[in-house]
Amino acid sequence: AYNCLIHFYKRLITMSASIFLILLAICLLYGEQVAGDQEQEHQLVLPLVSDSSPPGDAQLIFPAESDSWVVENCLAVKMVAQIKLYPNNSNIVVTKNIPALAKVSPTSSCSYMNSTTMQVITLEWSETDQSSEILARNLSLYFSLNNTIPPKYMVSMVTSMYQLSSKKVLGKMSSGQNATDLESKSDSNFIRMTTTIMNPLQFMVPKNRSFLCEESLTVEMMAELITTDGTPDEKLQKAMLTISSFQFDAFRPTTSPPLPPVPASHLLQ
């Protein structure tokens, strides 16, 4: 079970300074009550911090857009994340952090597979091994919208690809050359990690709200070794994704501002 403070922020609010102070006091008292409650296993469905003020005239103070990863302004994510994986069937574990300088991949989409109820953000980066070979990495978060009343969205799947150092193999030269001549070729392998479609779906959020949790959250992923062309080669031990300071806001209107900062009063006790 998870025990963390999670707040849902309306994207646009209108209020005077006095109303703001009153609401802030209410939120602080409300947060102390929520902090003691245990959440249900594997799923976070939490109450809203409501505001009856009509939107449109004023906005919360937000940090620079560069503080979060954004897909065409329809989807924004902030997090500190780490993957633990097993590159082979030994018990040697490799721990890799998702760097803050990771870039949003062009494969990210506000309408994944032309669907209005699926969005995906893929972060990609590279690392250099001891032989100065550049190795590719990525992490994808999939969000699904459930058009119930009221509509909600959630994280529905997590995937990751992790390139291993190339193996040098010998092969025959192209036709017309002496068959006894050999050439050196690179044979890259990848570790493919996925949750598949998560059941139950994780971190459910009412539409037009954003998710925030300061506690570390973990997601288990199946892992397998695949070749460059995607052919499965070997099953591996499960990988573990750990996320902290997790914020996301999906299915956003195009005019949405960046994600709000984490107030000091919202930190875990």
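A count restricted to segment 209-227 and to residues that are open to solvent by 30 Å² or more (accessible area, probe 1.4 Å), in a loop (DSSP other than H, G, I, E, B) and modelled with pLDDT of 85 or more stands at 2. Against the conditions (1) modelled with pLDDT of 90 or more; (2) part of a strand (DSSP E or B); (3) over 30 Å from Ser131 (Cβ atoms), Arg192 satisfies every one except (3). On the stretch given as segment 81-139, residues that are assigned to a strand (DSSP E or B) and more than 30 Å from Lys207 (Cβ to Cβ) total 14.
Just to be sure before I move on: is Tyr112 open to solvent by less than 40 Å² (accessible area, probe 1.4 Å) and either within 26 Å of Ser68 (Cβ to Cβ) or under 15 Å from the mean Cα position of the chain (by Cα) (or both) in the structure I sent? So Tyr112 fails the test. Given the structure, is Tyr142 free of Cβ contacts under 8 Å to residues at least 40 places away in the same chain, closer than 17 Å to Thr242 by Cα and assigned to a strand (DSSP E or B)? In short, yes. If you check Ser184, Ser174 for being at pLDDT below 95, in a loop (DSSP other than H, G, I, E, B) and more than 21 Å from Met221 (Cβ to Cβ), only one passes: Ser174.
The values are calculated or read from the model by the stated rules, or taken from the named source; none is laboratory data. In this text, all values refer to a predicted model and were calculated from it rather than measured experimentally. Cβ atoms come from the backbone with ideal geometry, glycine included; neighbour counts cover every protein chain shown. Accessible surface areas use protein heavy atoms only, side chains included; no ligands, DNA or RNA. Shrake-Rupley method; radii C 1.70, N 1.55, O 1.52, S 1.80 Å.
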